[in-house]
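The block underneath contains the structure these notes are about, expressed in structure tokens.
Coordinate-derived values only; no laboratory data. Note that the coordinates shown come from a computational prediction; the quantities given were computed from them, not determined experimentally. Positions of Cβ are generated from backbone atoms using ideal geometry, with glycine treated the same way; all protein chains shown enter the neighbour counts.
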Amino acid sequence: MISRVLRLIVVGSVLVATLPLLSRALVAQNLGTIGTGTAGESTAQGRAATPSGPAPRLPNGHPDFSGVWDHAYVPDMTLSNARGGLQKGPGDLPFTPAGLENFTSYNPERDGDYTGMCMPFGLMRSVNAPYPFQIMQNDKYVAILFEQSTWFHVVPFKAAHAKEPNPTWFGESIAKWDGDTLVIDTVGFNGFTRLDTIGHPHSDKLHLVQTLKRTDAGHITYAVTIDDPVYYTKPWTNERTFTIAKGDLLEYSCEENNKSLWEGRIKLWVPPSSSQPRK
């Protein structure tokens, strides 16, 4: 079993992941050819031809989004890459004064970042992460299984949100159909997370609308609209493409800063049949 064992290190204003040599090549594959090619050309199990043909459908007639999906790493949702088609961002964001102050003051090297503590990434930042995710679907639910930190998000098909949703890291999502387009509508965020690695903020008033359309057997066109009146004067949208992968998700382990371990109060654990590393 190959696992993604991740230690997060703050560098400048972004968080960078360092991984064991064994996993590094696989991670590079999952990142795709950012800046030079098309998202999804590299899959979780190596390069393989993307399937063609019509999008599969469930017995109920709706498109079937089930599968493991590769996608571009999106550390900055404002950017666009027209040549590679990796994402289409809005450019300059319509910040409110509070939003601009929050973004310009974000400094994870000075202040830390919740992801460095292995806390939940949040819904948008999990979608933006450089690892694939799996979609599972039936008539009642859509579930998104993120390889990132092994988080999951279950979305019921229902008409309306709860009157007072319990604030959570991933928010409360409901799903509906707009023709063949799957719409995931999310509110009820706790406001603790950020939208992307570079640190674009959102508040607990965030209303997130994601749309997914399976254009053929191998691709999903995806768009997300950010509507947060606390930090932005108007809604803005990011678009991208997901590509079907030829493998399964890998196990992911995030190692937080366990001071009792590093300072010697807890003995270093090693796998069975291994020896303690040299000091």
Per-residue Cβ neighbour rank within 10 angstrom, fewest leading, Thr225, Thr241: Thr225, Thr241
Order of Val155, Val74 - criterion: other Cβ atoms within 10 Å of each residue's Cβ, fewest first: Val155, Val74
10 Å beta-carbon shell around Val209, net charge (K/R +1, D/E -1): -2
Inter-label distance for Asp248 and Asn190, nm, one decimal - labels placed 7 Å from Cα along Cα-to-Cβ: 3.1 nm
FRET efficiency for Lys163 and Ala55, using Cβ-Cβ distance with R0 set to 41 Å, rounded to 0.05: 0.70
Cα→Cβ-extended label distance, 7 Å offset, between Glu263 and Thr237, nm: 5.2 nm
Lysines with Cα under 16 Å of Lys205, excluding same-chain neighbours fewer than 8 positions away: Lys163, Lys234
Label-reachable residues, the range 193-214, where backbone N falls under 18 Å from a point 7 Å from Ala98's Cα toward its Cβ: 193-195, 200-208
Considering only the range 159-279, percent of DSSP beta bridges that pair antiparallel, nearest 5: 95 percent
Ascending count of other beta-carbon atoms within 10 Å, so fewest first, for Glu101, Glu263: Glu263, Glu101
Amide proton proximity set for Leu206, modelled H, under 5 Å, gap of 5+: Phe189
Förster-model FRET efficiency, 30 Å R0, Asp227 and Trp177, C-beta, rounded to 0.05: 0.90
Within the range 55-130: Cβ-based charge dipole about Cα centre, in debye rounded to nearest 20 (Lys, Arg +1; Asp, Glu -1): 320 debye
